[in-house]
Amino acid sequence: MSNYRLNVRAIIIKNDKVLLNEFDGGVYYNIPGGGVEVGETLKDAVAREVLEESGYSVFVKEMLYIYEYNPLRDGYRYGTRGALSHVFRCEVDESKDVVAPTELDQNDTSECTGCKWVEIEDLKEINLVPPINDIIIENIKVNNFTTKFLENIH
């Protein structure tokens, strides 16, 4: 078994808001996503994860970011298993109905209290994990969505 988990995440922007998973009633947030299952493409996995966690069907667009969680380097902040995350820009498929989420992110110490649309201007004030708030805001402001490797963000 690999010491690393392959993850996918989604940046979904609609009406000047970003869709986030809320934990412990707003103590912190993350962008929707999770692990890639055997046989899935990255794009298939992100579409599945968004549907499971939010109930939204999405069109998966370009890859925005890649970032790594390395337990040793990052002081075991999020556990002992590393992760390589691929973040895609997604758009809500307005032709599909929103369905009830079937899975919410959970970990050993926190509970997801659902997805929430957050104003882009309010992103700066929230506790986003990993802390890529400023990067997302800047990319939206300049409309620059080229793939970036985000190093040492944890």
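The values are calculated or read from the model by the stated rules, or taken from the named source; none is laboratory data. Values in this document were obtained by computation on a predicted structure and should not be read as measured data. We place every Cβ from the backbone using ideal geometry, glycine too, and count neighbours over all the protein chains shown.
Quick notes on this one:
- Just one residue in the set Asn21, Asn7, Asn3, Asn30 is loosely packed, with under 15 Cβ neighbours inside 10 Å, closer than 23 Å to Glu151 by Cα and in contact with a strand residue (DSSP E or B) (Cβ under 8 Å, 6 or more places away or on another chain); that residue is Asn3.
- The one condition from (1) among the hydrophobic types (A, V, I, L, M, F, W, C); (2) at pLDDT 95 or above; (3) farther than 21 Å from Glu138 by Cα that Ile12 does not meet is (3).
- Residue match in the stretch 119-142 (condition: within 24 Å of Glu40 (Cα to Cα) and either at pLDDT 95 or above or surrounded by fewer than 16 Cβ atoms within 10 Å (Cβ to Cβ) (or both)): no
- Meets criteria (modelled with pLDDT under 90 and assigned to a strand (DSSP E or B)) for Thr102: no
- Test set (1) in contact with a strand residue (DSSP E or B) (Cβ under 8 Å, 6 or more places away or on another chain); (2) charged (D, E, K, R); (3) modelled with pLDDT of 95 or more - Glu94 fails condition number: (1)
- The one condition in (1) outside any loop (DSSP other than H, G, I, E, B); (2) surrounded by fewer than 15 Cβ atoms within 10 Å (Cβ to Cβ) that His86 fails to fulfil: (2)
- Scanning the stretch 46-62 for residues that are over 12 Å from the mean Cα position of the chain (by Cα) and under 17 Å from Arg89 (Cβ atoms) yields Arg48, Leu51, Tyr56, Ser57, Val58, Phe59, Val60, Lys61, Glu62.
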